[in-house]
1. Scan the helices (runs of 4 or more DSSP H) fully inside the stretch 193-259 and keep the ones with 3 or more residues being over 19 Å from E167 (Cα atoms) and of a type outside the set (D, E, K, R).
2. In the stretch 101-114, what count of residues is obtained for those that are within 15 Å of the ligand (Cβ to nearest atom) and over 19 Å from A69 (Cα atoms)?
3. Which ones in the stretch 29-55 are free of Cβ contacts under 8 Å to residues at least 40 places away in the same chain and assigned to a loop (DSSP other than H, G, I, E, B)?
4. State which residue is farthest from the ligand (Cβ to nearest atom) when the search covers only the stretch 132-145 and only residues that are within 22 Å of L174 (Cα to Cα) and surrounded by fewer than 18 Cβ atoms within 10 Å (Cβ to Cβ).
5. Which one of I84, I8 is in contact (Cβ under 8 Å) with a residue 12 or more places away in the chain, within 16 Å of the ligand (Cβ to nearest atom), in a loop (DSSP other than H, G, I, E, B) and under 19 Å from K125 (Cα atoms)?
6. Across the stretch 32-68, what is the number of residues that are over 13 Å from I126 (Cβ atoms) and out of contact with any Leu (no Cβ under 8 Å at 6 or more places or on another chain)?
7. Name every residue in the stretch 69-93 that is of a type outside the set (A, V, I, L, M, F, W, C) and surrounded by fewer than 16 Cβ atoms within 10 Å (Cβ to Cβ), in order of residue number.
8. From the set of residues in the stretch 97-127 that are charged (D, E, K, R) and surrounded by 13 or more Cβ atoms within 10 Å (Cβ to Cβ), which is farthest from F61 (Cα to Cα)?
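The values are calculated or read from the model by the stated rules, or taken from the named source; none is laboratory data. Note that the structure is predicted; figures quoted are calculated from it, not measured. Here the Cβ positions follow ideal geometry from the backbone for every residue, glycine too, while neighbour counts run over all protein chains shown.
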Amino acid sequence: MKAVFVTIFPELIESFFSVGVINRALDESIINFEVVNPIKFLKNNERLDDAPYGGGPGMLFRSEPLEEAINESKKLTSSNAKVINLSPQGKKLTQEKAKKLALDKELIFVCGRYEGIDQRIIDSKIDEEISIGDYVVTGGELPALIVFESIVRNIEGVLGDINSLEEESFSHQLIEYPQYTRPEKNNLGNVPEVLLSGDHKKIKTWRKKQSLGKTFLLRKDIFPKELSSDDFKLLKEFLSDLGYESDRIADLLKNINKK
Ligand SMILES: C[S@@+](CC[C@H](N)C(=O)[O-])C[C@H]1O[C@@H](n2cnc3c(N)ncnc32)[C@H](O)[C@@H]1O
């Protein structure tokens, strides 16, 4: 996958590519990136920003240098490379979206600054807008890198063990089970016995129960509306292990259908 970042802060992007699995994937040519700086397209004493028509606080990224930077990015990719604008007004990033975008061979990320970018760029040059969440940060570079990293983790060869993806949070509409590493015992507590048992079937069941229980308690917004009878039983057990009375459990689970 090749990514082109339209940004006035290339150093933010370059530092991201200099470490960890991303740097390794770059060395192995699984991923590749370029940066196009809109500053390059300013003429004479032009500025990158200007005040919004109609008044209001702050400045806006002017359309001309951005348009030229996007056109230049298109020349660095094939003509059908998707152009993504990072914006709090965009569709919220999900694991599903990241997986879909991983099928693209090239992507262009437009990193806004100031109070955002001139609407005419969005209307004519942007294929989609993505938000990293319902909060506002100062520029599009960190959101672009978050989106890019969530995408490329789904590309074969980027992660050491591709199975990590299967087990990870959101891969099956559930968040991940709790994980422990050595030592077995320390001042903070003991590793659950089942994980030391070597019984892989039991471990798998325990992990599923924890994933179901954690998602049910912590992320009702993504919890499935329907469960297999085995999973329903595991969730009941999870709540019972926590000390919930059976009436309370029945009440909590009354809106979940059993398949
Ligand atoms: C200060 S923000 C502009 C916010 C804009 N005035 C608004 O209220 O929607 C500047 C830039 O940061 C980026 N940005 C900020 N929050 C973001 C988010 N939640 N998701 C994606 N990009 C974001 C965008 O590129 C945006 O153009």
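1. Qualifying helices (runs of 4 or more DSSP H): 229-241, 246-252.
2. Total satisfying the criteria: 1.
3. S29, N37, L42, K43, N44, N45, E46, R47, A51, Y53, G54, G55
4. So, considering only residues that are within 22 Å of L174 (Cα to Cα) and surrounded by fewer than 18 Cβ atoms within 10 Å (Cβ to Cβ), the one farthest from the ligand (Cβ to nearest atom) is D134.
5. Testing whether each residue is in contact (Cβ under 8 Å) with a residue 12 or more places away in the chain, within 16 Å of the ligand (Cβ to nearest atom), in a loop (DSSP other than H, G, I, E, B) and under 19 Å from K125 (Cα atoms) leaves just I8.
6. Here the count works out to 19.
7. Kept after step one, since they are of a type outside the set (A, V, I, L, M, F, W, C), are these residues of the stretch 69-93: 71-75, 77-80, 82, 85, 87-92.
Within the stretch 69-93, N71, K75, S78, S79, N80, K82, Q89, K91, K92 qualify.
8. Of everything passing the filter in the stretch 97-127, K99 is farthest from F61 (Cα to Cα).
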